[in-house]
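First comes the structure, then the notes that go with it.
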Amino acid sequence: MTAHSMKLGVFDSGLGGVMIAQAIRGALPDIDMVYLGDTLHVPYGTRSEQAIYMYTKACIEHLFAEQDCQLIIMACNTASASALRKLQQTYLPQAYPERRILGVVVPTIEYAIERGLKHIGLIGTNYTVHSNVYEEELRKINPAIEILQVNTPLLVPLIEHGGMAWMESVLDHYILPLKEKGIEALILSCTHYSFLKDIIRERYGMDVIAQDEIVPAKLVEYLKRHPEIDRKIRRGSKDAFFVTDLTENYAEKTSEFYGMPVNLKVIEVSYG
Ligand code: DGL
């Protein structure tokens, strides 16, 4: 590949990641970007490590091989918690040693540490919370930081399937106990939860760490530190949005998350 001929990939288990893609578009308006949501297998958050790895690897391989991505942002917390390290350590060095995959866990932790937070709350999918990856990564840097994690499995289905009328009572159930414990900030560790950041800020008066507000700036910093990666990505302001399964609801939701109409195309990914 020649300089400036490749793309930035954004991967998510489903469609929540388009909020990260939109925020990246705001920070890097000229970059060529490809989004892939594995809607055929969403949700990942209730699946096994083996299944998440198999689906994630297949989608990442598609973004590298078929879409010429130089760098992929793994916007999905569940995939970042489960599959990212193995992909970076085993698959990438063999298959694409010149390309990179960045997750969302480390940038979020770096941000919390930069802010000097010591007593943090986190809400996430079943897999992300039970993997304990946030606590492990935080403790590596500062063992004194305390993180209280709550598994919040009802939030994604409510967001995806028109359940906003019930959202406040479900959020109360999950978040009020964290508020009572006096957390300094709440990490929203799931792509979809950026959709809830304003409700949570207003309803609980909480300091909320939303990944669509962190990841783009961290990506810009990364590209500055890695000009060898940056110069391979084309600047043509092009977007393409791919999913592995398409329904009317997906199309509507994506446009709602992205804040403007999005043309979703279905592609076939080989999960073999
Ligand atoms: N994208 C997932 C995440 O960020 C949430 C949806 C799912 O469970 O697949 O963890």
message: Yes or no: region 196-209 includes at least one residue that is closer than 30 Å to residue 5 by Cα, within 16 Å of the ligand (Cβ to nearest atom) and of a type in the set (D, E, K, R).
response: no
Pairs where the first residue, in region 5-17, is under 11 Å from residue 74 (Cα atoms) and the second is away from the ligand (no atom under 12 Å from the Cβ) and hydroxyl-bearing (Ser, Thr, Tyr), C-beta under 9 Å, 6+ apart: 9/35; 10/35; 11/35; 12/35; 17/35
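Conditions tested, residue by residue: (1) surrounded by 23 or more Cβ atoms within 10 Å (Cβ to Cβ); (2) at pLDDT 95 or above; (3) more than 13 Å from the ligand (Cβ to nearest atom).
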| site | (1), (2), (3) |
| --- | --- |
| 49 | no, yes, yes |
| 54 | no, yes, yes |
| 66 | no, yes, yes |
| 72 | yes, yes, yes |
| 77 | yes, yes, no |
| 81 | yes, yes, no |
| 85 | no, yes, yes |
Subset of region 88-117 that is within 16 Å of the ligand (Cβ to nearest atom) and closer than 23 Å to residue 14 by Cβ - its residue that is nearest to the chain's Cα centre (by Cα): 104
query: Looking at this structure, is residue 158 in contact with a Gly (Cβ under 6 Å, 6 or more places away or on another chain) and either at pLDDT 95 or above or in a helix (DSSP H, G or I) (or both)?
result: no
field: Out of 183, 175, sole residue that is in a loop (DSSP other than H, G, I, E, B) and of a type in the set (Val, Ile, Thr)
entry: 183
Contacts under 7 angstrom Cβ, first residue in region 72-92 being in contact (Cβ under 8 Å) with a residue 24 or more places away in the chain, partner of a type in the set (D, E, K, R) and more than 12 Å from the ligand (Cβ to nearest atom), 6 or more apart: 82/49; 83/57; 87/57; 91/57
statement: Within region 194-222, the count of residues that are part of a loop (DSSP other than H, G, I, E, B) and under 20 Å from residue 259 (Cα atoms) comes to 1
Odd one out for residue 23 among (1) assigned to a helix (DSSP H, G or I); (2) surrounded by fewer than 21 Cβ atoms within 10 Å (Cβ to Cβ): (2)
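The values are calculated or read from the model by the stated rules, or taken from the named source; none is laboratory data. Here the structure is a predicted model, which means the values were calculated and not measured. Cβ atoms come from the backbone with ideal geometry, glycine included; neighbour counts cover every protein chain shown.
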